[in-house]
Amino acid sequence: MASAAVGQLVAAPVKRTDVDAEGARAGLISDLVAQDPPLWARDPDGVAAAAASAPTVLAAYFNSLHRAAREGKLADGELAPIALAAFAARPAAGQDGPGTEQLQRVICNLLHRAWESDLLLDTASGEEASAVAWMEGLVTDWTQPRADTRQPLLTAIDQPGGAGLLSLIARAVKQAHRTGQTLADPVRTLLTRLLEDEPDDQALAVIGFCLGQLTHVDAAWAEEHADRLYSLDAPWRPAATWLRHGRPHTGVLARLDRTALLQTAAGPDGIPAIDKIILAFLNGSEALGPATVLLTELAAQDGGPQAVSEVLCRIAGALIQCEETSPWPERAAALWRSALDAQLEPAALTGAGRFAYADRLDDRTWLELTALTVALQPALEAPYQVAERAGRHPDSADALRIAAALLGTQVDLFHQREIEGHAARLFAQSTADGTSDHEQLRIALINAGAIEAAYKDPPTGP
C-alpha cells in the first residue's frame with residue numbers, strides 16, 4: 001500500500017550527514033508518484049497520516065498529484081478527495097519549520113484547481129467553509145505595506161498568502177458564474193480591505209492578475225473602486241499587473257487612462273499592452289475608438305513609431321494561425337490601412353512586412369496594402385518573404401512596384417540575393433511588359449546589378 005511505503009520512507013534513517021534527508025525523501029516520493037499517479041491517488045488520507053511528521057514529504061506528495069491532475073493524468077473525480085485530504089493535513093496554527101510554507105502553498109493550489117474544476121463548491125460544506133476561513137488567515141498574516149517588490153506577482157504566488165488569495169478569488173469568480181450573482185462575501189470584503197489599506201504591491205498584483213475576471217463578474221464593485229483598480233500612476237497598481245499578466249478584457253482596457261496606456265505600450269516593456277490593444281481590434285471592439293486616431297496618438301509617444309511597427313508585426317502574426325472563417329484578416333487589413341491613412345513616419349510601418357507570412361490575408365488585399373506601404377517605407381521586416389510573395393503574382397502591377405522598392409533597400413548579402421532572384425523572375429514572367437511599372441522594375445534590377453538574371457529566366461509559355 002502507498003501509505004505503508006510512505007511510512008517506511010519517512011522513518012528510514014539517512015546516515016549521510018552531507019545530504020538533506022527531507023529533501024531526498026521528497027524527491028523520491030515525487031518520482032514515485034510521477035510513475036503511477038492513479039495508484040498514489042487511491043488513498044491520500046492514508047498517505048497524509050503516514051507522512052504527518054514530514055511536511056516536506058507531504059508537500060512533495062500532494063504537489064506531484066496536483067501536477068498529474070494538471071497534466072490530465074488524473075480524472076476530475078479523483079481531485080476532490082485529494083484536495084480535501086491535503087486540507088485535512090494542513091499544518092497546525094503556529095506550526096513552523098521546514099516544508100510548512102511549501103505544504104500550505106500546495107494545499108492552496110489544490111483547492112484552487114478543485115474550485116476552478118467546479119468541485120467542492122457546495123456552500124453548505126463545512127470543509128469548504130473551513131478552507132475559506134483558513135485561507136483568509138493566511139492572507140491576513142501575509143499582507144503588509146510594501147511597494148518595492150521586484151516581481152510582485154511571481155513573488156506573491158510563491159507564498160502561502162499569495163496562493164491563498166489567488167485561490168479565494170478563483171472560488172469567488174466561479175461561484176459568481178454558477179449563481180449569476182456578483183462577488184460574495186467574505187472575498188468581496190477581503191478584496192475591498194486590501195484595496196483600501198496601505199498598499200501591498202504583492203496582494204495588489206494578485207488582484208491585478210484577476211482584474212479582468214473580477215470586472216466581468218462584478219462591474220459595480222470594480223467601478224466603486226475604480227481609482228484604486230484602474231490607475232496606472234504607480235507600478236504597484238492592480239491595472240499595471242493586469243497589463244503585463246492579466247487576461248484580456250476590453251472593459252478594463254477602455255477604463256484605463258488613455259495617455260498612460262499608450263505610454264506603457266510605447267515603453268520598453270510594452271508588448272503585453274500592445275497585445276491587449278491588438279486583441280481588442282481583432283475582436284471588433286470599439287473600446288479604444290477609431291484605429292487611425294489611436295495609432296496616431298501611439299506614434300506620438302516616445303518610442304511610439306516602433307510601437308506602431310510592433311502592432312503591425314504582431315497583428316500579422318496573429319493571422320497566421322487564425323481559422324479560415326475568422327473575421328480577423330478583414331479587421332487586420334483595416335488596421336493596416338488605418339496606419340497608412342494616419343500618415344505616420346516611415347519607421348512606424350516597418351512591421352507591416354510580416355503580413356507576407358499571413359496567408360489568411362487574401363493576395364489582392366496584401367498586394368495593394370504592401371505596395372502602398374513600400375511607397376512610404378521600403379525597408380520592411382522580412383523583405384525576402386515580401387519579395388517571395390510578390391513574386392507569385394506576375395500579373396500584378398502592385399507586385400512589380402513592391403519588387404522595385406525592395407531592390408533599393410539595404411539588407412545582408414544572402415537576403416539581397418534572395419530578393420534579387422524573386423524580382424528577376426517576376427520581371428521575366430510579368431504580363432505587364434511595356435508598362436511604366438515594368439520599366440521601373442527593370443531600372444531597379446539594373447541598379448542592383450541583377451538584370452542579367454531576369455533575361456536568363458524567360459517567360460513561361462502556355
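How would the stretch 263-334 be classified by its alpha-carbon gyration tensor: rounded, prolate or oblate, with rounded meaning a/c under 1.5 and the a/b versus b/c comparison settling the rest? Because a/c hits 1.5 or more and a/b exceeds b/c, the stretch 263-334 counts as prolate. Distance between the modelled labels on residue 21 and residue 39, one decimal in nanometres: 2.6 nm (7 Å Cα→Cβ projection). Take the solvent-accessible surface of the protein heavy atoms, probe 1.4 Å, and return the percent of it on the stretch 138-209 that carbon and sulfur atoms account for. Heavy-atom surface of the stretch 138-209 belonging to carbon and sulfur, 1.4 Å probe: 46 percent. Per the Debye formula on identical point scatterers at the alpha carbon atoms of the stretch 203-343, with no solvent, log10 I(q)/I(0) at q = 0.12, 0.17, 0.20 Å⁻¹ is -0.47, -0.91, -1.19.
Computed over the alpha-carbon pairs of the stretch 140-209, the distance histogram in 10 Å steps reads 21, 53, 22, 4 percent, short to long.
When only alpha carbons of the stretch 247-287 are considered, Rg and Dmax amount to 9.6, 27 Å.
Rounded to the nearest 0.05, what FRET efficiency do residue 395 and residue 52 give with R0 = 60 Å and r taken as the Cβ-Cβ distance? Could you check?
Values: r = 78 Å, r/R0 = 1.30.
Once rounded, the FRET efficiency stands at 0.15.
Among the protein heavy atoms, those of residue 230 account for about 10 Å² of accessible surface (1.4 Å probe, every chain in place). Once the C-beta distance of residue 436 and residue 271 is scaled by a Förster radius of 35 Å, the resulting FRET efficiency is 0.25 to the nearest 0.05.
What is the dipole size for the stretch 336-416, taken about its Cα centre, with +1 at each Lys and Arg Cβ and -1 at each Asp and Glu Cβ, in debye to the nearest 20? Spell out each step's value before the answer.
On the way: 7 positive and 11 negative charges, 8 e Å.
Dipole of the stretch 336-416, to the nearest 20 debye: 40 debye.
When nucleic acids and ligands are ignored and a 1.4 Å probe is applied, residue 73 ends up with an accessible area of around 110 Å². Given axes a ≥ b ≥ c from the Cα gyration tensor, I'd like to know whether the stretch 360-407 is rounded (a/c under 1.5), prolate (a/b larger than b/c) or oblate. Cα axes put the stretch 360-407 in the rounded bin.
Roughly speaking, what % of Cα-Cα pairs in the stretch 1-148 are separated by over 19 Å, rounded to a whole number?
Details: 5705 of 10878 pairs.
When all Cα pairs of the stretch 1-148 are counted, 52 percent exceed 19 Å.
Restricting the calculation to Cα atoms, the stretch 19-72 yields a radius of gyration followed by a Dmax of 10.6, 34 Å. Short to long, the 5 Å bins of the Cα pair-distance histogram for the stretch 349-456 hold 2, 15, 28, 28, 18, 8, 2 percent of all pairs.
With the full set of protein chains in place, find how many percent of the accessible area of the stretch 231-345 is carbon and sulfur; take the probe as 1.4 Å. Walk me through the numbers on the way to the answer.
Numbers: 2530 of 5320 Å².
With neighbouring chains kept in place, the figure for the stretch 231-345 is 48 percent.
Size descriptor for the stretch 295-368, Kirkwood hydrodynamic radius: 12.3 Å (Cα pairs only, one decimal).
Per the Kirkwood formula applied to alpha carbons, the stretch 89-156 shows a radius of gyration over Rh ratio, Rg over Rh, of 1.01. Per residue, the stretch 320-462 exposes an accessible area of 52 Å² to a 1.4 Å probe, with every protein chain left in place. Within the chain, the proportion of Cα pairs with more than 30 Å between them is 59 percent.
Roughly how many Å is it from the Cα centre of the stretch 367-398 to that of the stretch 78-117, as a whole number? One Cα centre to the other: 58 Å. Sorting the segments 57-66, 91-100 by their residues' average number of neighbouring beta-carbon atoms within 10 angstrom, most packed first, yields 57-66, 91-100. Axis of helix 126-142 versus longest Cα principal axis of the chain: the two differ by about 70°, to the nearest ten degrees. Rounded to the nearest whole Hz, the Karplus-based 3J(HN,Hα) values (6.51 cos²θ - 1.76 cosθ + 1.60, θ = phi - 60°) of the stretch 395-408 follow the sequence 9, 10, 5, 4, 4, 4, 5, 5, 4, 4, 5, 5, 5, x, with x at glycine and proline. A 1.4 Å probe run over the protein chains yields, for the stretch 1-101, 51 Å² of accessible area per residue, whole-number rounding. Using Cβ point charges alone (K and R +1, D and E -1), the dipole size of the chain about the Cα centre works out to roughly 540 debye.
On alpha carbon coordinates alone, what is the Rg over Rh value for the stretch 175-258, Rh being the Kirkwood radius? Rounded to two decimals, Rg/Rh equals 0.94. In the stretch 76-202, the C-alpha radius of gyration followed by the widest Cα-Cα span (Dmax) gives 14.5, 43 angstrom.
The values are calculated or read from the model by the stated rules, or taken from the named source; none is laboratory data. Keep in mind the model is a prediction, meaning the values are calculated, not measured. Please note: Cβ atoms are built from the backbone with ideal geometry, for glycine as well, and neighbour counts cover all protein chains shown. These area figures cover heavy atoms from the full protein model, side chains too; ligands, DNA and RNA do not enter into them. Shrake-Rupley method; radii C 1.70, N 1.55, O 1.52, S 1.80 Å.
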